[in-house]
2 protein chains.
Amino acid sequence: MRRFVSGRLRSLVVHSLQTKQQIRPQQQTPLFLSRFLSAAPALDFPSSMADKSPSPLTVTVGNINPKVVKCEYAVRGEIVILAGKIQEELKANPDSHPFDEILYCNIGNPQSLGQQPITYFREVLALCDHPSILDKSETQGLFSADSIERAWEVLDQIPGRATGAYSHSQGIKGLRDTIAAGIEARDGYPADPNDLFLTDGASPAVHMMLTLLLRSEKDGILCPIPQYPLYSASIALHGGTLVPYYLDEASGWGLEISDLKKQLEDAKSKGVSVRALVVINPGNPTGQVLAEDNQRQIVEFCKQEGLVLLADEVYQENIYVPDKEFHSFKKVARSMGYGETDIPLVSFQSVSKGYYGECGKRGGYMEVTGFSPEVREQIYKMASVNLCSNISGQILASLVMSPPKVGDESYELYLSEKNGILSSLKRRAKTLENALNSLEGVTCNRAEGAMYLFPRIDLPQKAIKAAEAEKTAPDAFYCKRLLNATGIVVVPGSGFGQVPGTWHFRCTILPQEDKIPAIVNRLTDFHKKFMDEFRD
Amino acid sequence: MRRFVSGRLRSLVVHSLQTKQQIRPQQQTPLFLSRFLSAAPALDFPSSMADKSPSPLTVTVGNINPKVVKCEYAVRGEIVILAGKIQEELKANPDSHPFDEILYCNIGNPQSLGQQPITYFREVLALCDHPSILDKSETQGLFSADSIERAWEVLDQIPGRATGAYSHSQGIKGLRDTIAAGIEARDGYPADPNDLFLTDGASPAVHMMLTLLLRSEKDGILCPIPQYPLYSASIALHGGTLVPYYLDEASGWGLEISDLKKQLEDAKSKGVSVRALVVINPGNPTGQVLAEDNQRQIVEFCKQEGLVLLADEVYQENIYVPDKEFHSFKKVARSMGYGETDIPLVSFQSVSKGYYGECGKRGGYMEVTGFSPEVREQIYKMASVNLCSNISGQILASLVMSPPKVGDESYELYLSEKNGILSSLKRRAKTLENALNSLEGVTCNRAEGAMYLFPRIDLPQKAIKAAEAEKTAPDAFYCKRLLNATGIVVVPGSGFGQVPGTWHFRCTILPQEDKIPAIVNRLTDFHKKFMDEFRD
């Protein structure tokens, strides 16, 4: 009963709390609003509390870890919260906005937009979740023969067939064997299962490596700009310094070694010791695929400068152009003759991306090579503090690195599902890229890979001034306007970093194909009106 | 081919690497040995590398984050690595040791020791993993009617029924609704789904709160001694100070408020600002269940001192004595009249413990109450950097907080599985407790709850001297001897903290019941011989 406050009291409570705590506008969202409401009952609490003087809450933004406050993560930031609010409003009143649904183009989350999982993967996962049906006759009718066989194989790889047990902190050894074999098959170079650390998606792996390398703000990490904000957020959380290098938009987001060197020297001159270079290939948010030559230069640069190469390779299966293909940095380094002890190299992979897009399963791994046994022991210790990653994610990581083969019962279905998804993503990328390039003042590089387009918008001065008046970055101003007018959610370029004075946004290519025409129309229409309003 | 090094070359490589890198003995385990071997091929690498001067690896234990080096996690530490080595040796040669199997009593990992999962939970998880079988006729024959119904309900709680999508960073709202209802039913006080953050087990939740609260080594966290080393490890990793308070072994590991006050004042006098108090109830490694009166004192203490109460309540379902029951700290605080805005309180819960013991699923949540909207926004941001916890774990967290009800088709089976596990754990706890108390110089408090016994051993001076000679803590010396003689793996008390000069070990009550007599016999036999060898 105490949870329900009458309308009038509720508005009073919200008002008084807002006044007292000086809430900023973006906090007046349903999420935070609900907090005020659940805070309200204390006012009419019929209890022994009356004799205690109310004390202010002891934890404030002013006395928490300033690294947390500093950390930003635009992919789930202000505009996404606004989108959630509008979605609630649409649910309550479908006529409340000039569109009938929110079109989420802000995040690489394919299944949230209707992409279906690969049948074989889900069959094996379901059987491993409930192994007692494996030898029942009905199971033959529901599951493919090879998924049943694979589930038995997976169970045999798990000590005691215990899918509900903590595993080895690096992940189940048998599953690591399978993944290592998959890496060997991909690269043509050996992979060692003891180099693999299975993690809940790639993010915890990145955190682990940054925790390891960053001692203070005097330690830097070379990161691409634009970058996926996991890196800037983690570096901020771990108290290091992000040393930016700029990808060259004019050359299709190429990576210039000369710029790397310049930024490295610049950091050194400021007393920052650069520990590692982050490369995201295929690129996020930029969608480019690095040429092998460029990768060789990068490896050589890391070797010469004594940097750890942190290779974010989670989009390795997402390539949409015939003139590019994926080469892992480990393969490139080995092909240059650099062996295990020559270069510290970490490759991140995830089940969230690729054609599988299993974001909710939180599976992934990092392959850690070129570290001394003592340092490896420290990485192992960090992994062990959180015990292990989730077993379903571990199983799925082994499946994506070793999918059905020619001749397996599931192979045809698997291949048609995979090709269906990838060829559709390719068409969507091209359609959106063309649409963006046809807009006044917008240029968009090719989406060679990954799941994103990162168009540049030449915003008129009048729009920039209007944004300033609202104390908003010009690209965020554009994106908010876009959301309010069309329901399309994209992320401002400022969330990823960009050359100062340029403005971009990141738009995924993930809405299902039947939505793409509507997105193109709404975007085109919005952009024209926006330019008509603000054209200098 | 390059991966295979002949026996002689291999031993040379290992030898030279060991010499060069001054490997300490505990690193010569299979895990790390394998690293030397995979490092070996570089020696005969037939490549362009020859023209490049070999450079030393750039990352060393001396130049990584010292907080990582400082962090320790005994539950997966040296003795467990030694056990893994012995297990490999037993596999290669069953006669290599005076026992035929390793008996893991080091970690609360029930299913690794043969505990079976609750059928209903696994049925629902399997159906949610592969929803396309939900409406097939064979499914009726394989799954209970209520698990099918529940799977539909769960799917309807997930936007777009997309179990493969990232969720809201706090977890799927519908599942949080279910969990909140479960908390309300347990406590008799309201719970707000917006207060819940679903996490991959309880560990990441603890990390998140410590990241939030710890700014530097001048910030302290009051932790019980003995404690679960997740806390000491996290505090070390986040650079804060562990402020110990001692549980009183003589009064059954009671928590004395006077000691809390003393330690708090002591910390203050050293310039440490104490931010929070950790309480583990039921206790880990100590197995006690706090009396409600004691909990009230703790709440009052936190209120008066302005501390955040971090309540580790993951063993809430594991209680084995009729005179104790579980009361959540939130219920206790609310019953004292402290409402939402009076006291910052975080309760941690996990699917890894209880009767379900689903460690590998990595599900859990924290209920965060008593923080301002601005601070909540910071917690939300931290959660969002890692996107979300795994969806299977989220679903399972909702199931354990809302299991089958009387009248449901699965109820009888569910209840018999649950009672079977809990009553067996109770018997195992009592048998082991009695056995330990019958050993010379050993005293063991009641296992009132959780999954552990934490006996105290009065080690003879001669044993302490022998340990010193081996540069080992006396309790670790005892535990290593126990492992080598019997295959029983327990964790030295020094991994959890103990009153200086006292020695303990933690032993789980989790081996299956048919193994318990062998454990008792081997332990009794070993202890007698140990005492005969070292008795003063």
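The values are calculated or read from the model by the stated rules, or taken from the named source; none is laboratory data. All figures in this text were calculated on a predicted structure; none of them were measured in a lab. Note that each Cβ is placed from the backbone with ideal geometry, even for glycine, and that neighbours are counted across all protein chains shown. These accessible areas exclude ligands, DNA and RNA; they are computed on the full protein's heavy atoms, side chains included. Shrake-Rupley method; radii C 1.70, N 1.55, O 1.52, S 1.80 Å.
Brief remarks follow.
- Positive-pole candidate from B:199, B:289, B:145, dipole of chain B, charges at beta carbon: B:199
- Within the stretch B:313-361, the residues that become at least 50 Å² less accessible when every protein chain is included than when their own chain is isolated (1.4 Å probe; DNA, RNA and ligands ignored) are B:337, B:340, B:341, B:360, B:361.
- For residue A:184, inter-copy label distances in nm, listed shortest first [label point 7 Å out on the Cα-Cβ vector]: 5.6
- Formal net charge of residues neighbouring residue A:511 (Cβ-Cβ distance under 15 Å; K, R +1; D, E -1): +2
- If you plug the beta carbon distance of residue B:248 and residue B:423 into 1/(1 + (r/R0)^6) with R0 = 35 Å, you get a FRET efficiency near 0.75.
- Exposure of residue A:536 as accessible area (Å², to 10), given a probe of 1.4 Å and all protein chains: 130 Å²
- Under the Debye formula (equal points on every Cα, no solvent term), log10 I(q)/I(0) of the stretch A:392-536 at q = 0.10, 0.18, 0.19 Å⁻¹: -0.45, -1.01, -1.10
- For residue A:242, the solvent-accessible surface with a 1.4 Å probe is about 50 Å², rounded to the nearest 10.
- Percent carbon-and-sulfur accessible area, the protein assembly as shown, ignoring ligands, DNA and RNA, probe 1.4 Å: 53 percent
- Of the whole protein surface, residue B:156 contributes about 100 Å² of accessible area at a 1.4 Å probe radius.
- Evaluated with a Cβ-only charge set (Lys, Arg +1; Asp, Glu -1), chain A carries a dipole of roughly 2000 debye about its Cα centre, given to the nearest 20.
- Extension gain, residue B:291 back to residue B:304 (0.36 nm per residue minus Cα-Cα distance, nm): 2.7 nm
- Environment charge at residue A:277 (Cβ cut-off 15 Å; Lys +1, Arg +1, Asp -1, Glu -1): -2
- Charge dipole of the stretch A:267-348 about the Cα centre (unit charges at C-beta), most positive-ward option of A:304, A:343, A:272: A:272
- Rounded to the nearest whole Hz, the Karplus-based 3J(HN,Hα) values (6.51 cos²θ - 1.76 cosθ + 1.60, θ = phi - 60°) of the stretch A:99-109 follow the sequence 8, 9, 8, 8, 10, 7, 10, 9, 9, x, 10, with x at glycine and proline.
- Each label point was placed 7 Å from the Cα along the Cα-to-Cβ direction; for residue A:257 and residue B:268 their separation is 6.2 nm.
- With all protein chains in place and ligands, DNA and RNA left out, the 1.4 Å accessible area ranks A:60, A:211 as A:60, A:211, largest first.
- Overall form of chain A per C-alpha gyration tensor (a/c, 1.5; a/b vs b/c): rounded
- Relative to the other identical copies, residue A:63 shows label-point distances of 4.0 nm, where the label point lies 7 Å from Cα along the Cβ direction and values run shortest first.
- Built amide H within the under 5 Å cut-off of residue A:245, gap 5+: A:223, A:225
- Other-copy label distances relative to residue B:471, 7 angstrom Cα-Cβ extension, nm: 6.0
- For the stretch A:415-526, the dipole from Cβ point charges (+1 on Lys and Arg, -1 on Asp and Glu) about the Cα centre works out to 80 debye, to the nearest 20.
- 5 angstrom amide H check on residue B:254, placed H, neighbours 5+ away: B:248
- As a length-normalised measure over Cα pairs under 8 Å and 6 or more apart, the relative contact order of chain B settles at 19 percent.
- Using C-alpha pairs under 8 Å with a sequence gap of at least 6, the mean separation divided by the residue count of the stretch A:84-149 gives a relative contact order of 23 percent.
- The stretch A:204-283: C-alpha gyration tensor shape, a/c 1.5 cut-off, then a/b vs b/c: oblate
- Where B:152, A:253 fall by accessible area, highest first, once all protein chains stay in place (1.4 Å): B:152, A:253
- Interface size, chains B and A: roughly 10900 Å² of accessible area buried, both sides included, 1.4 Å probe, rounded to the nearest 100.
- Cα shape, the stretch A:76-162, gyration tensor, a/c 1.5 rule: prolate
- 15 Å reach of a label modelled at residue A:323, 7 Å along Cα-to-Cβ, counting backbone N of the stretch A:441-460: A:445-449
- Here residue A:153 and residue A:216 are evaluated by their C-beta separation; at R0 = 41 Å the FRET efficiency comes out at 0.30.
- With contacts taken as Cα pairs under 8 Å at a separation of at least 6 residues, the stretch B:212-265 carries a relative contact order of 34 percent.
- FRET efficiency estimate (nearest 0.05) - Cβ-Cβ, residue A:484 to residue A:135, R0 51 angstrom: 0.35
- Largest-first ordering by accessible area, 1.4 Å probe, given options A:330, B:67, B:430: B:430, B:67, A:330
- Cα gyration tensor of the protein assembly as shown - equivalent ellipsoid semi-axes, whole Å, descending: 44, 37, 30
- In the context of the full set of protein chains, the protein assembly as shown has a per residue accessible area of 36 Å² (1.4 Å probe).
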